[in-house]
Amino acid sequence: HLGYWNLLAATGQKDTAVRLLQAYPHPPTAPMEVVQMSNLYDLLGKSDDELKLLQRSVPDFGTVPIFWVTFASALVKSKHWEDLRRVALQIRGQDAVRDSLIGLSYFLEGRAELGQQRAPSARNDFQKAAECDYPFPTLGFKVANDLLQFGYPKDSQQILAGLEKPLGNDVAYWMVLFNVADRLRDMDLLVNAGSRAFALAPGNG
């Protein structure tokens, strides 16, 4: 069904896809089904339906990391800052995901504060996020990159320092670190990151 609805959306038949999706009587039975349905709602421009789906799915899939990442992303896109703060707290309250997503949870709490123009509180949350481990390297990398974009290069650097082993062969890692070094005016780090990036992708120089 998901494949068919996506095909309808991709071929300009969004109204039909929305009608069939909303009429489908069976709830998702696996985490990736929730993720795919969430993505489809986003593609169709039905953010309210997307958020309702994710909120209903918390009891069934709240022990799965990808579910919370998807839920948080939807809330950020919709700028539902109070709900995002609640999700951050829910993550820290879930034994199954707390250790693996605690850094993300502090980042999300800070993002909610930033969205509500409370920069001092956001800074405190971002500092906490920088002190955490990130068992999912790509998630840690995204958090670090977002922190750089928001103007927190020191916190970004702290996260990236812990990700060199799993991501050190990825030129994107060194490019972000290069940008961090530029913002911090750290010449040693700038030269090292630039050299490593060039070694991995000399054609991009």
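Odds and ends about this structure:
- For the residues Lys79, Lys46, the requirement of being modelled with pLDDT of 95 or more, of a type outside the set (Asp, Glu) and open to solvent by 40 Å² or more (accessible area, probe 1.4 Å) singles out Lys79.
- Per the conditions (1) surrounded by 22 or more Cβ atoms within 10 Å (Cβ to Cβ); (2) in a loop (DSSP other than H, G, I, E, B), the sole criterion not satisfied by Leu104 is (2).
- Qualifying residues in region 18-43 (those that are part of a helix (DSSP H, G or I) and among the small types (Gly, Ala, Ser)) - the one most open to solvent (accessible area, probe 1.4 Å): Ala23
Conditions tested, residue by residue: (1) open to solvent by 70 Å² or more (accessible area, probe 1.4 Å); (2) out of contact with any Phe, Trp or Tyr (no Cβ under 9 Å at 6 or more places or on another chain).
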| residue | (1), (2) |
| --- | --- |
| Val97 | no, no |
| Thr138 | yes, yes |
| Leu148 | no, yes |
| Ile159 | no, no |
| Arg185 | yes, yes |
| Leu189 | no, no |
| Gly194 | no, no |
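- Failed item, numbered, when Ala112 is tested on (1) open to solvent by 10 Å² or more (accessible area, probe 1.4 Å); (2) touching a helix residue (DSSP H, G or I) at 6+ places or on another chain (Cβ under 8 Å); (3) closer than 20 Å to Leu75 by Cβ: (1)
- Filtered residues of region 62-76 (kept if more than 14 Å from the chain's Cα centre (by Cα) and either open to solvent by less than 60 Å² (accessible area, probe 1.4 Å) or of a type in the set (Gly, Ala, Ser) (or both)): Gly62, Val64
- Of the helices (runs of 4 or more DSSP H) entirely within region 108-205, those holding at least 1 residues that are more than 28 Å from Thr70 (Cβ to Cβ) occupy 119-130, 153-161, 171-184, 187-200.
- Selection of region 116-129 for residues being touching a Phe, Trp or Tyr at 6+ places or on another chain (Cβ under 8 Å) and within 12 Å of Gly103 (Cα to Cα) yields Asp125, Phe126, Lys128, Ala129.
The values are calculated or read from the model by the stated rules, or taken from the named source; none is laboratory data. The structure displayed is predicted, hence computed values, not measured ones. Positions of Cβ are generated from backbone atoms using ideal geometry, with glycine treated the same way; all protein chains shown enter the neighbour counts. Heavy atoms of the whole protein, side chains included, go into the accessibility calculation; ligands, DNA and RNA do not. Shrake-Rupley method; radii C 1.70, N 1.55, O 1.52, S 1.80 Å.
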